[in-house]
1. Of all residues in the stretch B:161-180 being part of a helix (DSSP H, G or I) and among the aliphatic types (A, V, I, L, M), which is farthest from ligand 2 (Cβ to nearest atom)?
2. State yes or no: is A:Ala276 within 14 Å of another protein chain (Cβ to nearest Cβ) and assigned to a helix (DSSP H, G or I)?
3. Out of B:Phe183, B:Phe200, which single residue is modelled with pLDDT under 95, surrounded by fewer than 17 Cβ atoms within 10 Å (Cβ to Cβ) and either under 25 Å from B:Arg83 (Cβ atoms) or within 16 Å of ligand 1 (Cβ to nearest atom) (or both)?
4. From the list A:Asp53, A:Asp16, which residue is open to solvent by 20 Å² or more (accessible area, probe 1.4 Å) and either under 30 Å from B:Val94 (Cα atoms) or without any contact (Cβ under 8 Å) to a residue 40 or more places away in the chain (or both)?
5. Please state which one of B:Arg178, B:Arg122, B:Arg158, B:Arg153 is within 24 Å of A:Ser210 (Cα to Cα) and over 16 Å from the mean Cα position of the chain (by Cα).
6. Can you pull out every residue in the stretch B:29-52 that is more than 10 Å from ligand 1 (Cβ to nearest atom), of a type in the set (A, V, I, L, M) and open to solvent by 10 Å² or more (accessible area, probe 1.4 Å)?
7. Scan the stretch A:165-182 for residues that are out of contact with any Gly (no Cβ under 6 Å at 6 or more places or on another chain) and surrounded by 13 or more Cβ atoms within 10 Å (Cβ to Cβ) and report the count.
8. Take B:Thr140 and tell me if it is more than 10 Å from every other protein chain (Cβ to nearest Cβ) and in contact (Cβ under 8 Å) with a residue 24 or more places away in the chain.
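The values are calculated or read from the model by the stated rules, or taken from the named source; none is laboratory data. Computed from a prediction, not measured in an experiment: that's the story for all the values here. No Cβ is skipped: glycine too gets one built from the backbone with ideal geometry, and neighbour counts run over all protein chains shown. Each accessible area value is taken on the protein alone, full model and side chains, heavy atoms only, with ligands, DNA and RNA left out. Shrake-Rupley method; radii C 1.70, N 1.55, O 1.52, S 1.80 Å.
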Amino acid sequence: MTMGIIASAADRRLLDDRHGTRAMAWVMAIMLFLTVLAAALGLATLGVAAVLDRQLAGRLTVQVVAPAESVRTREAAAALAALKRLPEVRRAVAVDPAHLAEMLRPWLGTDGADPDLPIPAMMDVDLTQASAATLARVQAVVRAAAPSARVDRQESWLGPVRSVMRMLSGMAGGLVLLMAGATAAVVILAARAGLDTHSDTIAVLHMLGSTDVQVARLFQRRIGLDTLLGGLVGMAAAIGVVLLVGVQLDALGSDLVTGLQLGVRDWVILGCLPIAFAILATLAARLAVLAALRRVL
Amino acid sequence: MANIVQFENVGLRYDTGQETLCDLSFSLSRGAFYFLTGASGAGKTSLLRLLYLSQRPTRGSIRLFGEDAVTLPRARLPGFRRRIGVVFQDFRLVPHLSAFDNIALPLRVSGVPEREVADPVREMLAWVGLSDKTDARPPTLSGGEQQRVAIARAVIGRPEILVADEPTGNVDPDMAERLLHLFDSLNRLGTTVVVATHDFHTLKRIPHAHMMRLDKGRLVDPTGSLRFPPPDTVQ
Ligand SMILES: Nc1ncnc2c1ncn2[C@@H]1O[C@H](COP(=O)(O)OP(=O)(O)OP(=O)(O)O)[C@@H](O)[C@H]1O
Ligand SMILES: [Mg+2]
């Protein structure tokens with residue numbers, strides 16, 4: 001009996017293979033298919049959350065809401081000028097009122113074009129950094145220049161989207177852990193069934209002086225290898241699905257979708273899953289076999 | 001250490017009540033040849049099972065290779081078992097392995113490199129007259145052929161003790177003679193041999209062998225010679 005990871009031909013013959021023990025590989029293919037999908041979802045939503053973080057942190061909307069148009073125009077100009085002087089402000093632009101009216105038309109109807117209807121003057125502001133102190137300072141400066149101005153962090157209204165993304169990532173992570181647990185359970189059951197099937201052979205090996213570790217190695221190598229092979233098949237299928245979904249999303253061409261793309265690090269993590277599961281299966285098989293053998297003399 | 005095995009007041013009780021073996025006290029000298037006889041059900045196989053460590057006694061002490069075999073930790077059993085060759089009464093061959101692989105098992109279990117396995121196995125196959133059955137699986141062999149594979153497997157590792165349970169039960173007298181000759185050669189090389197048998201013809205073939213007889217789980221030893229290291233010959 002050899003010590004290596006790859007079983008010698010003689011070792012492989014020891015456990016009779018003819019009775020469909022390879023079903024294990026297919027179960028593992030399904031497990032890994034689901035796991036890789038869950039992990040891809042988790043990594044993608046994590047990516048979106050990160051994109052949102054990067055885009056939203058330090059992005060403000062300033063609205064000047066004075067009802068009289070003359071006041072509004074004057075305050076808006078003052079606020080914009082004040083903002084542009086601040087070193088913490090990287091960029092401050094007024095949103096084109098025509099564009100704003102266009103956006104509001106579905107809600108206001110054609111009346112939106114009525115110059116008498118007050119539409120707030122809006123500005124998009126990017127800060128160089130997103131600390132609370134900076135925010136307070138910007139707020140103070142804007143208020144001083146334009147008493148009717150309101151400063152909103154975009155974060156506060158896109159925040160819920162980010163929470164949903166975070167929750168999805170968490171759920172996906174939980175799913176991956178559950179699948180790992182289920183895989184370990186399947187492996188333990190398979191190892192016990194294998195011990196039953198091969199109990200006569202194992203009794204002979206024991207009487208000839210085999211150690212428990214030698215017997216366990218026969219099982220763990222086979223189960224680990226089945227998991228790896230099945231896992232690779234499952235992963236390939238899952239990656240096919242992920243790529244397909246990616247193509248469909250690309251067609252949407254939205255900003256958030258860019259965040260859904262998997263990065264190199266994400267692909268590496270997905271690629272490691274079958275290996276991680278094979279190692280997990282090997283360990284689970286070893287422990288199950290050793291625990292069962294400890295009960296015989 | 002002249003005694004390779006020493007039993008002191010050993011008793012064995014299966015779950016079914018009465019003691020199958022009781023008050024066994026004897027010792028086996030290193031390098032001697034023993035026959036164990038007794039009626040069917042007398043407890044021969046049970047005694048041998050104690051000897052090859054597939055069963056612990058319910059009471060008494062057993063010393064094997066100078067160490068207490070009763071309290072031996074489980075982790076040390078494999079090391080002891082590799083020093084004992086066993087021919088089981090029911091052979092216990094691995095049915096899906098060829099005769100070659102069955103005989104090679106003890107070598108592979110002890111980690112003998114693969115390139116050093118083939119020669120001794122072929123030699124053993126020749127010894128037991130099965131060179132033409134190298135690749136045959138046990139279910140396709142006759143009872144006698146299976147028995148010879150079992151014997152080859154038991155002796156290939158040059159064990160210190162060879163324990164054989166009815167090893168000539170299924171073979172014709174000529175083959176029985178050859179097998180006993182094999183045991184005898186092994187014995188001359190220093191292996192202690194214990195053979196359980198009903199067959200009185202077998203007994204006569206090894207004139208220097210010692211006799212042990214079991215009757216209903218007790219050693220019958222009218223001369224008292226088995227209680228202590230036996231004299232040169234009994235019969
Ligand atoms: N595993 C067991 N559980 C319960 N009883 C057993 C067990 N093995 C043997 N026995 C009983 O112990 C007694 C002795 O059996 P054993 O097999 O040692 O006899 P034996 O001398 O080898 O007989 P034979 O010559 O027929 O092989 C028998 O009565 C048998 O029923
Ligand atoms: Mg018997």
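1. So, considering only residues that are part of a helix (DSSP H, G or I) and among the aliphatic types (A, V, I, L, M), the one farthest from ligand 2 (Cβ to nearest atom) is B:Met175.
2. So A:Ala276 fails the test.
3. Only one candidate qualifies: B:Phe200.
4. After applying the criteria, what remains is A:Asp16.
5. Result of the check over B:Arg178, B:Arg122, B:Arg158, B:Arg153: B:Arg122.
6. B:Ala32
7. 11
8. Numbers: more than 10 Å from every other protein chain (Cβ to nearest Cβ): yes; in contact (Cβ under 8 Å) with a residue 24 or more places away in the chain: no.
No; evaluated as a whole, the condition is false for this residue.
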